[in-house]
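The values are calculated or read from the model by the stated rules, or taken from the named source; none is laboratory data. What you are looking at is a predicted structure, and each value in this text was computed from that prediction instead of being measured. Neighbour counts are summed over all protein chains in view; Cβ atoms, including those assigned to glycine, are modelled from backbone coordinates with ideal geometry.
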Amino acid sequence: MSIKHVFKRTGGWLYLNTSLGRHPLRGAGVILMLHRVLSNDRAAELPHRNELCVGPEAFEHLLIWLQRYFECVPLMTLLLADPESVPNRPRVALTFDDGWRDNAMNAFPLLRQYQVPASIFLSTDFIGSRQHFWWESIGETLWGSHGQVARHSLIEHLQHAGRPLPVLLDDIDDERRSLALLHYLQSLKSLDPRTLSDLTEACPQGSQPQALDWPQVRMLEDSGLIRFGPHGASHAILTGLDDQRLHEELTRSWTALENGCAQPLPVYCYPNGDNDARVRQQVAAHGFAFALGTEAGLYRNDGDPLNLPRFGVSQRNAHHPELLAWRIRRGAHP
């Protein structure tokens with residue numbers, strides 16, 4: 001571990017274990033952003049998976065750590081708390097983006113074991129379908145998880161789309177190759193949603209859907225630990241849509257939640273966190289009192305409720321939560 005990581009872990013530990021460090025957290029709320037919990041930790045450690053994935057051992061370690069230092073509460077309990085009656089012990093709420101099937105298979109058993117509530121924000125077009133999330137399909141195909149024939153075929157499609165692969169994606173070192181893949185996938189976010197959909201279609205579909213289905217959604221909701229909100233319908237970046245398509249995305253995602261859930265959350269979760277004044281105005285016009293972004297910061301009931309801050313959870317900072325504490329410290333505004 002690098003000296004920088006040792007410094008951050010030490011600083012994070014001091015932040016939560018000294019009265020001076022804990023002071024900025026007094027009465028504050030922390031919203032955490034997760035995506036996937038894979039079936040093993042080694043798969044989650046590579047850079048192109050690390051930011052969106054955690055393994056079960058790291059996730060369990062995180063839950064134990066959270067219960068030690070925070071009061072784990074449902075998202076709406078955190079958002080609707082009276083600032084005058086918020087306890088000194090900081091509160092934390094867990095959120096999951098997209099609606100991955102492994103939220104039910106791998107995350108929920110641990111949430112149930114430790115009785116930690118969570119909110120899952122669904123990209124509703126994917127739920128109950130065999131549609132695949134582009135990041136997973138393109139990333140794993142380029143990684144070679146589906147064989148070299150599929151990889152080379154996708155590379156040709158990417159070249160036609162004007163996005164040739166960087167040389168480092170053929171590096172023999174797994175760490176360097178995975179890091180190059182991470183940067184490359186991030187660069188694809190700027191592509192038109194239709195182009196991303198076409199590229200995803202060029203990937204092997206696999207035998208299992210990647211997203212939850214509606215019976216799983218209802219089973220999780222019936223547990224009393226999980227609630228659901230919308231994360232777009234098609235996961236299109238809302239700031240890139242014209243007014244009509246933006247209205248359709250917001251309406252379609254909420255209608256699906258109303259039909260599929262008993263009590264959907266009045267909270268929108270922006271795909272990729274992207275929002276602007278026009279998007280926020282439309283979200284409010286559709287009846288949402290709150291919306292989640294991706295900027296780091298504490299929740300203190302005094303910011304923009306339509307761009308709530310969250311701290312991202314990765315395999316690295318779930319396995320070493322002092323690193324997460326350091327990120328919270330950097331994002332804290334007393």
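Of note:
- Condition check for R177: under 30 Å from R151 (Cα atoms) and basic (K, R): yes
- The range 38-60 - residue that is under 17 Å from F311 (Cβ atoms) and not aromatic (F, W, Y) and, of those, surrounded by the most Cβ atoms within 10 Å (Cβ to Cβ): V54
- Within the range 296-311, tally of residues that are under 18 Å from the mean Cα position of the chain (by Cα) and at pLDDT 95 or above: 6
This table checks each residue for (1) under 26 Å from I138 (Cα atoms); (2) at pLDDT below 95.
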site: Q205; (1), (2): yes, yes
site: D213; (1), (2): yes, no
site: L246; (1), (2): yes, no
site: T251; (1), (2): no, no
site: C261; (1), (2): no, no
site: L265; (1), (2): no, no
site: D276; (1), (2): no, no
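- Of the criteria (1) in contact (Cβ under 8 Å) with a residue 24 or more places away in the chain; (2) more than 30 Å from E248 (Cβ to Cβ), which one P74 fails: (2)
- Candidates A285, A318, filtered to the one that is in the same structural domain as G29 (by TED's automatic domain parsing) and either under 20 Å from the mean Cα position of the chain (by Cα) or under 22 Å from E221 (Cα atoms) (or both): A318
- Residues in the range 73-111 that are within 18 Å of the chain's Cα centre (by Cα) and not aliphatic (A, V, I, L, M): P74, T95, F96, D97, D98, G99, W100, R101, D102, N103, N106, F108.
For every residue, the table says whether it meets (1) among the hydrophobic types (A, V, I, L, M, F, W, C); (2) at pLDDT 90 or above.
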residue: L191; (1), (2): yes, no
residue: V217; (1), (2): yes, yes
residue: E221; (1), (2): no, yes
residue: D243; (1), (2): no, yes
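- When residues of the range 65-114 are limited to those that are part of a loop (DSSP other than H, G, I, E, B) and at pLDDT 95 or above, the one nearest to N272 (Cα to Cα): G99
- Elements of type helices (runs of 4 or more DSSP H) in the range 180-292, at least 2 residues being surrounded by fewer than 16 Cβ atoms within 10 Å (Cβ to Cβ) and charged (D, E, K, R): 193-201, 214-222, 243-260
- Evaluated against (1) more than 29 Å from S197 (Cβ to Cβ); (2) within 16 Å of the chain's Cα centre (by Cα); (3) polar (S, T, N, Q), Q210 falls short on exactly one condition, (1).
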